[in-house]
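**Student:** Got a structure for you, questions after.
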């Protein structure tokens, strides 16, 4: 049993004792702890349920701080579930609560979370504005951890905007902050992002070196989930280098580790990458089967982006198999999800692929053909 699953059991036992004593504040804290552990494990529906139960309890005892914390946690989970409008509403409600009791730390954490939400929507400029506000507030209240996290997030935004010099500058600053407070996990995250940048720049060999160093860092701090996901990133990099068999071995390793940790989101992402590797190897039946599995897993954690990516890749496979009519349906379904998510890059790419499928279907009159190849 991993530490988060163990923490859930411990909190459940403690909650039962608090309930017997009629100690609602203690029971509420246990519910919040369970929600946090479930969130880490990617069990978002269950986490949301715990936070909602916690919210009801703290409301019954007039705990304004507890209410604000629950609302913020609910907003964070809704963001991870890609329910962005609901997430922002909860975070803004939480901010108002923190402001009413003059809790400056909470007032910094809420715009930070909204910045992360806007980042997930690829609204980079809006995200930057929120993150810079939060960064300033963290500096004022003396929260070095919050300041370092915001600085890292700003670096990530710079990466998405292809402002690479500013990306590396922010990451160096964040890394120094994390090191100064002894946060080795934060240090590892700072080291991982340059690997992602190098891969985007078409420099997979350098990315591979960085990512392998990062994996050692994650193992040193005993962060199994981050280590497993880093293994997946290494595998994706190996695919870029044409080392398909090595990549498949790494993906099997990462998937097994995620499964043992109860990390359903991580396992789903590994399955998607496995399917992608098989697609590139022309193992189309295997790719389809694995994508169907991944789609079910993404649905189980309400990850709309993962569902959309599965449908998009399934569309590519069907195009390659000479079934543009089927591909049309899949690209259309993916497109609707990207529109819901508000992700412009994938949205435009999916529109392009849908038009290609429509032209192919019209040209071939729905007949099977193996000559239609998707863009990669």
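The values are calculated or read from the model by the stated rules, or taken from the named source; none is laboratory data. Computed from a prediction, not measured in an experiment: that's the story for all the values here. Please note: Cβ atoms are built from the backbone with ideal geometry, for glycine as well, and neighbour counts cover all protein chains shown.
**Student:** Looking only at residues that are closer than 20 Å to residue 119 by Cα and crowded, with 19+ Cβ neighbours inside 10 Å in segment 305-333, which one is nearest to the chain's Cα centre (by Cα)?
**Tutor:** Here is the first cut: in segment 305-333, the ones closer than 20 Å to residue 119 by Cα are 305-309.
Next, from what is left, pick out any that are crowded, with 19+ Cβ neighbours inside 10 Å: 306-309.
On the way: 306: 9, 307: 13, 308: 14, 309: 13 Å.
Looking at residues that are closer than 20 Å to residue 119 by Cα and crowded, with 19+ Cβ neighbours inside 10 Å, I get 306.
**Student:** Residue 337 fails exactly one of the following numbered conditions: (1) at pLDDT below 95; (2) over 22 Å from residue 264 (Cα atoms). What is the number of that condition?
**Tutor:** Every listed condition holds for residue 337 apart from (2).
**Student:** Tell me whether segment 266-280 contains one or more residues that are in contact with a helix residue (DSSP H, G or I) (Cβ under 9 Å, 6 or more places away or on another chain), touching a residue at least 12 places away in the same chain (Cβ under 8 Å) and outside any helix (DSSP H, G or I). Outline the logic, then answer.
**Tutor:** The initial filter retains those residues of segment 266-280 that are in contact with a helix residue (DSSP H, G or I) (Cβ under 9 Å, 6 or more places away or on another chain), namely 266-280.
When the remaining residues are screened for being touching a residue at least 12 places away in the same chain (Cβ under 8 Å), the result is 266-280.
Next, from what is left, pick out any that are outside any helix (DSSP H, G or I): none.
Checking segment 266-280: not a single residue is in contact with a helix residue (DSSP H, G or I) (Cβ under 9 Å, 6 or more places away or on another chain), touching a residue at least 12 places away in the same chain (Cβ under 8 Å) and outside any helix (DSSP H, G or I).
**Student:** Condition first: under 21 Å from residue 335 (Cα atoms) and at pLDDT 90 or above. Can you find one or more residues in segment 228-245 that meet it?
**Tutor:** Filtering segment 228-245 down to residues under 21 Å from residue 335 (Cα atoms) leaves none.
Checking segment 228-245: not a single residue is under 21 Å from residue 335 (Cα atoms) and at pLDDT 90 or above.
**Student:** Residue by residue through segment 1-49, note down the ones that are within 20 Å of the chain's Cα centre (by Cα) and outside any helix (DSSP H, G or I).
**Tutor:** Selection gives 41, 42, 43.
**Student:** Would you confirm whether any residue within segment 66-89 is surrounded by fewer than 15 Cβ atoms within 10 Å (Cβ to Cβ), out of contact with any strand residue (DSSP E or B) (no Cβ under 7 Å at 6 or more places or on another chain), assigned to a helix (DSSP H, G or I) and touching a residue at least 24 places away in the same chain (Cβ under 8 Å)?
**Tutor:** no
**Student:** Search segment 36-52 for residues that are without any contact (Cβ under 8 Å) to a residue 40 or more places away in the chain and pair each with any residue that is assigned to a loop (DSSP other than H, G, I, E, B) and surrounded by fewer than 20 Cβ atoms within 10 Å (Cβ to Cβ) when their beta-carbon atoms are under 9 Å apart and the residues are at least 6 apart or on different chains.
**Tutor:** Correct list of pairs: 48/81.
**Student:** Residue 214: under 19 Å from residue 172 (Cβ atoms), touching a helix residue (DSSP H, G or I) at 6+ places or on another chain (Cβ under 7 Å) and at pLDDT 85 or above, yes or no? Lay out the reasoning, then the answer.
**Tutor:** Values: under 19 Å from residue 172 (Cβ atoms): yes; touching a helix residue (DSSP H, G or I) at 6+ places or on another chain (Cβ under 7 Å): yes; at pLDDT 85 or above: yes.
Criteria met by residue 214.
**Student:** Looking at 347, 337, which is the one that is free of Cβ contacts under 8 Å to residues at least 60 places away in the same chain, under 26 Å from the mean Cα position of the chain (by Cα) and crowded, with 22+ Cβ neighbours inside 10 Å? Walk me through how you get there before you give the answer.
**Tutor:** Values: 347 fails: crowded, with 22+ Cβ neighbours inside 10 Å.
Result: 337 is the single residue among 347, 337 that is free of Cβ contacts under 8 Å to residues at least 60 places away in the same chain, under 26 Å from the mean Cα position of the chain (by Cα) and crowded, with 22+ Cβ neighbours inside 10 Å.
Matching residues to (1) touching a helix residue (DSSP H, G or I) at 6+ places or on another chain (Cβ under 8 Å); (2) closer than 22 Å to residue 183 by Cα; (3) in a helix (DSSP H, G or I):
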position	(1), (2), (3)
102	no, no, no
105	yes, yes, yes
108	yes, yes, yes
114	yes, no, yes
118	yes, no, yes
126	yes, no, yes
131	yes, yes, yes
134	yes, yes, yes
138	yes, yes, yes
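**Student:** What do you reckon, is residue 169 farther than 30 Å from residue 337 by Cβ and modelled with pLDDT of 95 or more? Give the steps one after another, and end with the answer.
**Tutor:** Numbers: farther than 30 Å from residue 337 by Cβ: yes; modelled with pLDDT of 95 or more: no.
Answer is no for this residue.
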